[in-house]
Amino acid sequence: MANMTEAVQPGRSIGFLTLGASLHDVLTRIKGSPEIYPKIDLSFSQERPLTKQVILSLPHNGLRLRFDGPDQRLRLIEVLDFASIKLTYKGVNVTKSAEGNLIPKSSISGASGPSFRHVYQLFGITFPGEYHPPPEGDLSGIGTYILSYSGVAFTFPLRASAWSDRADFVTMMGTDAAGTAVALAVYEGKSWPEARQDLFTRKPINPRSLELAGRGIEGVPDEIEHVRIYGEGRLEMLRRSSTSFWITLNESTPQDLITELGPPDAIHKKEGESAEPYDAGEHIQSRNDAYTVGQQALSDVSGSAGSTGSHSSNVTDTYETEFDDDDSPYDPENLSSNGLFYCYFSHGFDILVSNPMVSSPSSPAIKRASSVGGNDAEDCIDDTRQTVTKVILHGNVPGSFPFNRHRRSRWTLDHIPDPSSTSTEPLTSEMSFSEIKQRLESVFRHQLLGGEVHKGMVVNRGWADSPASSAILLDDLDDLNSTNEQGLPNTQLFEFPGLVFEVLDNDYISALTVY
């Protein structure tokens, strides 16, 4: 029944599953091995997908993985069925006795996990654990005892009649009153009581990328931790361990991207403007081009360890169209007339490289900052060169149409102060759009038609006869049902100077385009 053998590294990992890894990396790798992981259950809050935990269960493998909501990083690895997975620690089988025999099922729990004696011999001495009595109304008379070490903890059933806070816990747990372990947890921390206090909020030790987490791998670009947006086309890319760098729209070149971010995971040609089914304004119309990127699956994503492609949240692939191959994909001379999207799935964004455009206006609420990563004077646009003209930051919100196409990208709008207070807190990617919209309308009220943003344009991606982008923008929700053929709610686009937000029906932001 057990078809996997994985090494347990306390405080770090079980097999390739490494604490701190991104939901995108883990889910992509798991979906690439359906013969090993035949069933995947993903649980999340529909109303608060970015503040509540995201739980990935693998019932056939006895595993449950818990990710935090805002950063979507693996915080807790749980083994719930020792019969479905073989675990080793320092080369010794966790579910076997010291003599090498399989441990029989416990008469108390009916589980075939490791015994207390075997765990104590294998992992060594530790402090007494925690006892939790049976819940009120539970007539079984069996509580739970959690024995924790640095980075790993085991849960055992224990008869309530045998529990005493004055007893020697080693002797007490070595009796027939205690059953074999029913669960194991791997976490960052010295003990389970200490770790659970800030389990989902502390800064993880390991990187998001499973490739970066691997040992002995060199030359892999550092991952982007955060994107700070300053207006006028200036974005600061904060990296995990190295210094930040700047992307300046209409100035940064394809060579700059390759130098700082490495080769993109894929390159996609931007569709022509004439393919659009309506005239919705230059920037919202061109924003629709990015949807093609989010809907196409890759047969192979270069640079993703163990990955076989970028998939939707469904177990089966919905989209089979591949990105265009190119013998020289990173040659700036090879750009199409409309430009190319450089797709960085592992970083969480796509970048459009094309002929320079007119920069967006600055925020009227603040003076332009001194030039950092940009020029103070307005340069004449050189239409002959190719530069970065748009950056699409993906939210990877569970339940959204493009879920798991990209890793989640977190950002702040540092050029939008709160005019009603002295607060300098920036707008963040975790805020609801209603909060963000209120401040943006206040800051840009003189630049908006009628002083406010009208209702967003509706995006539907469920119609098979849609144009090339498979996305249709409609002026009114009444033009179609609020849910498309795939059962996913439609989204709306809202535009402000230099920014276009794609907003889900639960008021969270699925993507932000900076132009």
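We did not get these values from a lab; they are worked out from the coordinates using the rules stated. Model, not experiment: these values are computed from the prediction. Methodologically, a virtual Cβ is constructed for each residue, glycine included, from the backbone with ideal geometry; neighbour enumeration extends over all protein chains shown.
For the range 21-50, which trypsin sites (Lys or Arg not before Pro) are both in a DSSP coil and crowded by at most 12 other Cβ atoms within 10 Å?
The qualifying sites are 39.
Got a sec? How would 437, 190 order by Cβ neighbour count within 10 Å, fewest to most?
190, 437
Identify the residues of the range 46-67 with backbone N under 15 Å of a label point that sits 7 angstrom from the Cα of residue 505 along the Cα-to-Cβ direction, or state none.
46-48
Provide the gained length on full extension for the span residue 121 to residue 33, in nm with one decimal, where the gain is 0.36 nm per separating residue minus the Cα-Cα distance.
So the chain would gain 28.2 nm between residue 121 and residue 33.
Per residue of the range 247-253, what does 6.51 cos²θ - 1.76 cosθ + 1.60 with θ = phi - 60° give for ³J(HN,Hα)? Whole Hz please, x for Gly and Pro, Karplus curve as stated.
Taking θ as phi minus 60°, the curve returns 10, 10, 4, 6, 10, 5, 10 Hz for the range 247-253.
Loop-only GluC sites (Glu not before Pro) in the range 1-101, please: DSSP not H, G, I, E or B, and at most 14 other Cβ atoms within 10 Å.
Counting only loop positions with at most 14 other Cβ atoms within 10 Å, the GluC sites (Glu not before Pro) in the range 1-101 are 35, 47, 99.
Give 31/270; 203/437; 390/437 a once-over and call out the pairs whose C-alpha atoms are over 26 Å from each other.
Over 26 Å Cα-Cα: 31/270; 203/437.
Ranking 165, 138 by Cβ neighbours within 10 Å, fewest first, what do you get?
In increasing order of surrounding Cβ atoms, one gets 165, 138.
How would you rank 259, 126, going from fewest to most other Cβ atoms within 10 Å of each one's own Cβ?
Listing 259, 126 from fewest to most nearby Cβ atoms yields 259, 126.
How much length would be gained if the chain were fully extended between residue 196 and residue 83, taking 0.36 nm per residue of separation minus their Cα-Cα distance, in nm to one decimal?
Here the answer is 38.0 nm.
With labels modelled as points extended 7 Å from the Cα through the Cβ direction, what inter-label distance (nm, one decimal) is found for residue 55 paired with residue 138?
That separation, rounded to one decimal, is 1.6 nm.
Tell me the relative contact order for the range 5-195 as a rounded percent, counting alpha carbon contacts under 8 Å between residues six or more apart.
21
Can you compute the FRET efficiency between residue 442 and residue 45 using 1/(1 + (r/R0)^6), with r the Cβ-Cβ distance and R0 = 45 Å? Round to the nearest 0.05.
0.95
Just name one of 156, 201, 187: the one whose Cα is farthest towards the positive end of the charge dipole of the range 154-265 (beta-carbon charges, Lys/Arg +1, Asp/Glu -1).
The residue sitting most towards the positive pole is 156.
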